[in-house]
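For reference, the structure is listed below as structure tokens.
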Amino acid sequence: MRYTKVEGLEKPVSRIALGTMIVNTRELERSFRLLDDALELGVNTLDSAWVYAGGDSERGIGRWMQERKNRDQVVVLTKGCHPNSDRKTVTPFDIQAQLHDSLARLRADYIDIYLLHRDNPDVPVGPIVEVLNDLRREGKVRAFGGSNWTEARIKEANQYAAGKGLMGFTATSPNYSLAEQVQDPWGPGCSTIGGPAHEKDRQWYRENQMAIFAYSSLARGFLSGRITRENFEEQKANLDDACRTAYCHEVNFKRLDRAQKLAQKKGLSVPQVSLAFILSQGLNVIPLVGAETRDEIQSAVTASDIELTPEESAWLDLRAERA
């Protein structure tokens, strides 16, 4: 397993992070086994959120860390301020309230990386940056940033921070995978850096090397290896609406065809090639992988050590006709 750095955080961060939406306290044995396997295989970074499983993802992680006495070995990334059905919640009050909920659920004194799950462009960045710095000074967070924040708003936040001598955003979590998000499956307020339309965004991240925690890194199962062009009609009922909306388009079937060919040539799997692709783009990227078994974690860990050539990457992404 390779590791990287996130500004503001002393711990190394594994280049693969485990998504923990399926972790909960109702299935502690299964949840603990998954978390044990991840840490044993070198995945020390866990991705959660205030809204996952109604808070039970954080509770499950908290129970595990308390029982295993391993808090110092684990990088906990959690997110707050997801909008609810009544209102947007990106306010200084909600940031503090939800962070304290997360700390209680995690049974922890601090969160390694705290991300705002959504943005609210109607709210000025100043008060948001100020309250996040207050929480950092209090020792409750080590690093912070935004999930689904655009490059422009992150720049605005960091310009404000620089002008005030404060810490800015050092991490982000947009959608990014080999598959292009053709249609936004979640509605307004989400962001992606994948596909040809977002090359300028990726270049900005290459230049500043901000940590990118890439969600839907396997396109919500489209790049899981279970889907092929030939079996799609038979298998599409097993894919969720978000996958079918965002990724099940011809431009991505072409990428999938090529990923299958390259995987066969290299003796790898489609998900390994897909993860290797985003890890080979010169970005400080950490794919979020929603693995459910030890074998799936091991497969992702193996992918973190695979390097694709620029020619292979360009061919996979349809930018070249030959690898």
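The values are calculated or read from the model by the stated rules, or taken from the named source; none is laboratory data. None of these values were measured; they are calculated from a predicted model. Every residue, glycine among them, receives a Cβ derived from its backbone with ideal geometry; neighbour counts consider all protein chains shown. We work out accessible area using only protein heavy atoms, side chains counted, and drop any ligands, DNA or RNA first. Shrake-Rupley method; radii C 1.70, N 1.55, O 1.52, S 1.80 Å.
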Worksheet item: Rounded to the nearest 0.05, what FRET efficiency is calculated for Gln183 and Asp257 with R0 set to 25 Å and r the Cβ-Cβ distance?
Response: 0.75
Worksheet item: About its Cα centre, how strong a charge dipole does segment 108-254 have in debye, to the nearest 20, once Lys and Arg get +1 and Asp and Glu get -1 at the Cβ?
Response: 300
Worksheet item: If the limit is 26 Å between Cα atoms, which of Lys5/Lys69; Lys200/Lys266; Lys11/Lys266; Lys200/Lys236 go over it?
Response: Lys200/Lys266; Lys11/Lys266; Lys200/Lys236
Worksheet, complete the sentence: Contour minus Cα-Cα span, Ala314 to Glu233, at 0.36 nm per residue, comes to 26.3 nm
Worksheet item: Given labels modelled 7 Å from the Cα in the Cβ direction, how far is it in nm from Val123 to Arg206?
Response: 3.4
Worksheet item: Taking the chain as a Gaussian network, Cα atoms linked when under 10 Å apart, which of Ala303, Ala197, Ala211 shows the biggest mean-square fluctuation?
Response: Ala197
Worksheet item: Contour minus end-to-end for Glu138 and Asp241, with contour as 0.36 nm per residue of separation and end-to-end as the Cα-Cα distance?
Response: 32.9 nm
Item to complete: Using amide H atoms built 1.01 Å from N in the peptide plane, name the residues 5+ places from Cys81, or on other chains, whose amide H lies under 5 Å from its own.
Response: His117
Item to complete: Rank these residues by their accessible area, most exposed first, probe 1.4 Å: Lys236, Lys261.
Response: Lys261, Lys236
Worksheet entry | GNM top mover of Val285, Val273, Val129 - the chain, alpha-carbon springs below 10 Å | Val129
Worksheet item: aspartates and glutamates within cross-link reach of Lys155: Cα-Cα under 15 Å, excluding same-chain residues under 8 positions apart?
Response: Asp119, Asp201, Glu207
Fill in: Efficiency of FRET between Ser85 and Thr150 - r from beta-carbon atoms, R0 25 angstrom, step 0.05
0.60
Worksheet item: How large is the convex hull of the Cα atoms of segment 44-165 per residue, expressed in Å³ as a whole number?
Response: 101
Worksheet item: List the aspartates and glutamates whose alpha-carbon lies under 17 Å from that of Lys254, not counting same-chain residues fewer than 8 positions away?
Response: Glu180, Glu230, Glu233, Glu311, Glu312, Asp317, Glu321
Discussion item. Using DSSP to call loops (not H, G, I, E or B), can you name the GluC sites (Glu not before Pro) in segment 120-195 whose Cβ has at most 12 other Cβ atoms within 10 angstrom?
Written reply: Glu138
Worksheet item: For segment 75-226, with the dipole built from +1 on Lys and Arg beta-carbon atoms and -1 on Asp and Glu ones, taken about the Cα centre, which of Gly195, Met167, Ser224 lies farthest toward the positive end?
Response: Ser224
Worksheet item: Any idea of Glu234's accessible area? Nearest 10 Å², probe 1.4 Å.
Response: 140
Worksheet item: For segment 89-111, list residues with backbone N below 14 Å from a point placed 7 Å from the Cα of Glu130 toward its Cβ?
Response: 91-93
Discussion item. Cut-off 10 angstrom, C-alpha nodes, Gaussian network model of the chain. Which of Arg142, Arg63, Arg26 fluctuates the most?
Written reply: Arg26
Worksheet item: Using the beta-carbon distance between Glu199 and Ile22 and R0 = 45 Å, what value does 1/(1 + (r/R0)^6) give for FRET efficiency, to the nearest 0.05?
Response: 0.85
